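Just below is one structure, and these are the notes that go with it.
The values are calculated or read from the model by the stated rules, or taken from the named source; none is laboratory data. None of these values were measured; they are calculated from a predicted model. Backbone-built Cβ (ideal geometry, glycine too); neighbour counts: all protein chains shown.
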Amino acid sequence: MLLIQAVLVIFFLYAIIKVVGRFQARELALGWVILWVSFWIAAGVIVLLPNSTFYMARLVGIGRGADLVVYVALVIIFFSLFRLLLQVEKLKKEITILTRAAALEDKNKKV
Amino acid sequence: MVCIIVPAYNEGENIGRVVRGLFEQGWRDVVVVDDGSTDSTATTAREAGATVLVHALNRGQGAALQTGNEYALQEGASYAVHFDGDGQFNPRDIAPALRLIEQENLDIVLGSRLLDNRSRVPWLKRYVILPIGRWINFVFTGLWLSDAHNGFRVISRRALAKIVITEDHMAHNTEITAAIKTHGLRFKEVSVEVTYHEMGQGIAGGLKIISDLVMHKLTR
């Protein structure tokens, strides 16, 4: 086994332990746990058996397995960023609504 | 009742003068929306006699104006006036604008610093920045205004109920113009005087407005 494989696999295991920990602390819903655990397991499989991606890559018409991994990762990252951005915008609007409600409420109390 | 809404963020040095100026012109209902200032804005405004609404966090001028609008509606105001807290506006401009909105039964009157020569608009602003703002405003709203980015407005109760500002920062101005178009509100521009202390928002501020508008269209 190459050193990089060992390091990555240890990191993935650590990530899975963290995910399960969040679940036990009731901070993460079961759906997300399944998603993240399968994600890290898939990452582990790809790291340990890099050639496994070759078949998938050929199936969709990409030459190298590593390229497929990079493409898929980029799509996931950008989509997640977009989702996060939307959520941040929504949170900002909600903070404004709360701030406004508090400001008007304070006024009503004083009068 | 005419509710004068003054949004203010860290205007401790100007707000007292602004509020007193409004009272001197005979306006009774002056509401300062302190947008999470870290200086003495709220206390100074209260001492000057204004009603003060306090945002615990800084949410931007658009957010402050919407808070003022909702307060005006809640208090039963027949008209709301938007009046900047930095002392750039002349309180004498309010009465003529109100006469205009009442006499012509309009929904909203927008201030313009370009209808006469009272405002000494800096050269760069008059010939470069404002024309660009005018075009951007037109592209986003389809409404052609002589001064698309002026914080002076008189709004009828009917229009207040229809215009809901969701742009927390400076793009609220374009949002209001868009609401005029969408709801078919009857409006006119009125000349107001703007005294320049400094440049205003600058180029960076302008770019921020455009990015806010684009983000808004995307996230809607």
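Criterion applied to A:ALA73, A:ALA6, A:ALA25, A:ALA66 was being loosely packed, with under 15 Cβ neighbours inside 10 Å, over 30 Å from B:GLN61 (Cβ atoms) and touching a Ser or Thr at 6+ places or on another chain (Cβ under 9 Å), and the one residue passing it is A:ALA66.
In the stretch A:1-20, the residues that are more than 19 Å from A:TRP36 (Cα to Cα) form Cβ pairs under 7 Å with partners that are assigned to a helix (DSSP H, G or I), at six or more places apart or across chains, as follows: A:GLN5/A:VAL47; A:GLN5/A:LEU48. State whether the residues of the stretch B:39-48 include one that is in a helix (DSSP H, G or I) and under 16 Å from the mean Cα position of the chain (by Cα). No, because not a single residue in the stretch B:39-48 is in a helix (DSSP H, G or I) and under 16 Å from the mean Cα position of the chain (by Cα). Take the residues in the stretch B:58-99 that are of a type in the set (D, E, K, R) and either under 21 Å from B:GLU167 (Cβ atoms) or in contact with a strand residue (DSSP E or B) (Cβ under 9 Å, 6 or more places away or on another chain) (or both); name whichever of them is nearest to the other protein chains (Cβ to nearest Cβ). Among those that are of a type in the set (D, E, K, R) and either under 21 Å from B:GLU167 (Cβ atoms) or in contact with a strand residue (DSSP E or B) (Cβ under 9 Å, 6 or more places away or on another chain) (or both), it is B:ARG59. With respect to the conditions (1) in a loop (DSSP other than H, G, I, E, B); (2) surrounded by 14 or more Cβ atoms within 10 Å (Cβ to Cβ); (3) at pLDDT below 85, B:TRP144 falls short on a single one, namely (2). Here the stretch B:172-212 is the region considered, the condition is being in a loop (DSSP other than H, G, I, E, B) and under 23 Å from B:ILE108 (Cβ atoms), and the residue that is modelled with the lowest pLDDT is B:GLY200. For the stretch B:97-108, taking the residues that are over 16 Å from the mean Cα position of the chain (by Cα) and charged (D, E, K, R), the one that is surrounded by the fewest Cβ atoms within 10 Å (Cβ to Cβ) is identified as B:GLU104. Sort out which residues of the stretch B:109-135 are surrounded by fewer than 18 Cβ atoms within 10 Å (Cβ to Cβ), of a type in the set (Val, Ile, Thr) and in contact (Cβ under 8 Å) with a residue 12 or more places away in the chain, and write them in order of number. Correct list: B:VAL121, B:ILE132.
For the stretch B:156-169, the set of residues classified as in a loop (DSSP other than H, G, I, E, B) and buried (at least 21 other Cβ atoms within 10 Å of the Cβ) consists of B:ILE163, B:ILE165, B:GLU167, B:ASP168, listed by residue number. Among the residues of the stretch B:155-164, those that are within 13 Å of B:ILE108 (Cβ to Cβ) and either within 14 Å of chain A (Cβ to nearest Cβ) or hydrophobic (A, V, I, L, M, F, W, C) (or both) comprise B:ILE155, B:ALA159, B:LEU160, B:ALA161, B:ILE163. Tell me, please, whether a residue that is within 14 Å of chain A (Cβ to nearest Cβ) and crowded, with 22+ Cβ neighbours inside 10 Å can be found in the stretch B:20-31. Within the stretch B:20-31, one or more residues are within 14 Å of chain A (Cβ to nearest Cβ) and crowded, with 22+ Cβ neighbours inside 10 Å.
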